[in-house]
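Peer 1: What follows is a single structure, and I will ask about it in a moment.
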Amino acid sequence: MRTIAEHFLFPNADISHERLRKTISGKTIAITGASYGIGEELALLFSKHHVHLIVIARTENKLHALAETISNNGSKCTVIAADLYLESEVERVIEDLKKLDSIDIFISNAGKSINRSLEDFLDRYHDFTRTNSLNYLAPVRLLLAITPQLRAANGQIINVSAMNVLLPPAPKWAAYQASKTAFDQWSRSNWAEWKAMGIQAKSIYLPLVRTRMIAPNENYKNYPALQPGQAAIRVARLICSRSNSSKPWWAVVAQAAGFFGAALWKKYSFYRISRQYDK
Ligand SMILES: NC(=O)c1ccc[n+]([C@@H]2O[C@H](COP(=O)([O-])OP(=O)(O)OC[C@H]3O[C@@H](n4cnc5c(N)ncnc54)[C@H](OP(=O)(O)O)[C@@H]3O)[C@@H](O)[C@H]2O)c1
């Protein structure tokens, strides 16, 4: 049951299936992180429109079950089970992607989020190497390798990003926010060069989405959040549109508050955090 706040903040979006069919039918679409959450919803949505889906993630049995549903829905599916934390596995994914006749749309969606205090991070450097590997370096490596295929197809790149990338940094989110921001900056830096090659690079800045990713955080149980199917519809709308980015309707208000209220935000962050530390 959606709350009043969710109705207000995340009004139900719809997609014209006719328009989606015209945009993606017959195309090859690679989705990282397709085994759960937003990626899985995207694969299911696209599978109704005669596409070839390349689904990439670690949980092989989930990917094979998804592939069966995709084929029952009339599309083709190739499963690539890989751990994108590992460079060797990223290289193996590239070998498989290079074998494809074409790649029309690449959706960089696999991601890991961590919410942890600096004190708890002190002996957990691996949290930073892992979030960086998955949220930043793996999609960079994959895109460097497949840019020629995307160029040949006049393709699209979709960066599944987060609203907090557009807002002032928040305590306890250093690993997630730094890695998501790094990839966002990297892809936006390349935007003009990709465009000159005929590739459209687009980013979607999602708010909280009710997936496995936020489940461990007790606080989020009562926060307004988007449903994963609705997040997938928003990604599909972005693919069909000429726009380079998609954000919630209230993002501009949040960004303006972040810009003009930066000093206040710092004071508030310090006030909340300082109560947890004995100097
Ligand atoms: N949920 C939110 O509130 C929210 C908000 C803004 C943006 N986003 C972004 O949305 C994207 C999708 O997140 P989600 O909410 O759908 O989370 P999710 O349900 O946890 O799904 C994450 C996906 O990434 C894959 N993945 C994780 N680690 C991987 C690894 N080492 N190698 C390969 N694949 C890996 C997972 O598959 P396996 O475990 O099978 O590998 C899964 O398919 C992420 O980029 C996230 O940053 C989410």
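The values are calculated or read from the model by the stated rules, or taken from the named source; none is laboratory data. Just so it is clear, the model here is predicted, and its values are computed rather than measured. Positions of Cβ are backbone-derived with ideal geometry, glycine not excepted, and every protein chain shown enters the neighbour counts. SASA here: full protein model, heavy atoms, side chains in, ligands and nucleic acids out. Shrake-Rupley method; radii C 1.70, N 1.55, O 1.52, S 1.80 Å.
Peer 1: Could you state the angle between the C-alpha long axis of helix 174-189 and the longest principal axis of the C-alpha atoms of the chain, as a value from 0 to 90 degrees rounded to the nearest 10?
Peer 2: Result, in degrees: 50.
Peer 1: How tilted is helix 60-72 with respect to the longest principal axis of the chain? Cα atoms for both, answer in degrees (0 to 90, nearest 10).
Peer 2: 50 degrees
Peer 1: Also, quick follow-up: Could you give the size of the charge dipole of the chain about its Cα centre, using +1 on the Cβ of each K and R and -1 on the Cβ of each D and E, expressed in debye and rounded to the nearest 20?
Peer 2: Roughly 780 debye for the chain.
Peer 1: Before anything else, pin down the relative contact order of the chain: Cα pairs under 8 Å, at least 6 apart, normalised by residue count, whole percent. Write out the running numbers ahead of the final one.
Peer 2: Numbers: 440 pairs, mean separation 55.3, N = 279.
The normalised contact order for the chain reaches 20 percent.
Peer 1: Any chance you could look up the accessible area of residue 249 with a 1.4 Å probe, heavy atoms only, rounded to 10 Å²?
Peer 2: About 130 Å², rounded to the nearest 10.
Peer 1: While we're on this one: Determine how large the accessible area of residue 88 is when every protein chain is in place; take a 1.4 Å probe and give Å² rounded to the nearest 10.
Peer 2: So the heavy atoms of residue 88 present about 80 Å² to solvent.
Peer 1: Heavy atoms only, 1.4 Å probe, whole protein assembly: order 259, 106 by accessible area, highest first.
Peer 2: 259, 106
Peer 1: Separate question: Can you work out the accessible area per residue across the chain, with the rest of the protein chains kept in place, probe 1.4 Å, in square angstrom?
Peer 2: Averaged over the residues of the chain, the accessible area is 53 Å².
Peer 1: Using the beta-carbon distance between residue 120 and residue 17 and R0 = 41 Å, what value does 1/(1 + (r/R0)^6) give for FRET efficiency, to the nearest 0.05?
Peer 2: Calculated transfer efficiency: 0.35.
Peer 1: Any chance you could give the angle, 0 to 90 degrees and rounded to 10, that helix 251-260 forms with the longest Cα principal axis of the chain?
Peer 2: 40 degrees
Peer 1: Based on the alpha carbons, how large is the Rg to Rh ratio for segment 83-138 when Rh follows Kirkwood?
Peer 2: Rg divided by Rh gives 1.12.
Peer 1: Ordering 14, 127, 83, 101 by how much accessible area each has at a 1.4 Å probe, largest first, what is the list?
Peer 2: 101, 14, 83, 127
Peer 1: Given the whole protein assembly as supplied and a 1.4 Å probe, what does the accessible area of residue 118 come to in Å², nearest 10?
Peer 2: 120 Å²
Peer 1: Please report, as a whole percent, how much of the solvent-accessible surface of the chain comes from carbon and sulfur atoms (probe radius 1.4 Å).
Peer 2: Summing carbon and sulfur atoms, their accessible area is 54 percent of the total for the chain.
Peer 1: Heavy atoms only, 1.4 Å probe, whole protein assembly: order 193, 87, 40 by accessible area, highest first.
Peer 2: 87, 193, 40
Peer 1: Something else: Semi-axes, largest first, in whole Å: what does sqrt of 5 times each Cα gyration tensor eigenvalue give for the chain?
Peer 2: 31, 21, 19
Peer 1: May I ask you to derive the FRET efficiency for residue 83 and residue 275 from their Cβ-Cβ distance with R0 = 35 Å, giving the value to the nearest 0.05?
Peer 2: Details: r = 39 Å, r/R0 = 1.11.
Computed FRET efficiency for residue 83 and residue 275: 0.35.
Peer 1: Taking the Cα of residue 25, stepping 7 Å toward and past its beta carbon, and measuring to each backbone N in segment 70-98: which are under 20 Å?
Peer 2: From segment 70-98, the list is 70-77.
Peer 1: Report the FRET efficiency, 1/(1 + (r/R0)^6), for residue 128 and residue 196, where r is their Cβ-Cβ distance and R0 is 35 Å, rounded to 0.05.
Peer 2: With R0 = 35 Å, the Cβ-Cβ based efficiency is 0.55.
Peer 1: Can you list the residues of segment 220-236 with backbone N under 18 Å from a point 7 Å past the Cα of residue 2, pointing along Cα to Cβ?
Peer 2: Flagged as within label range: 222-236.
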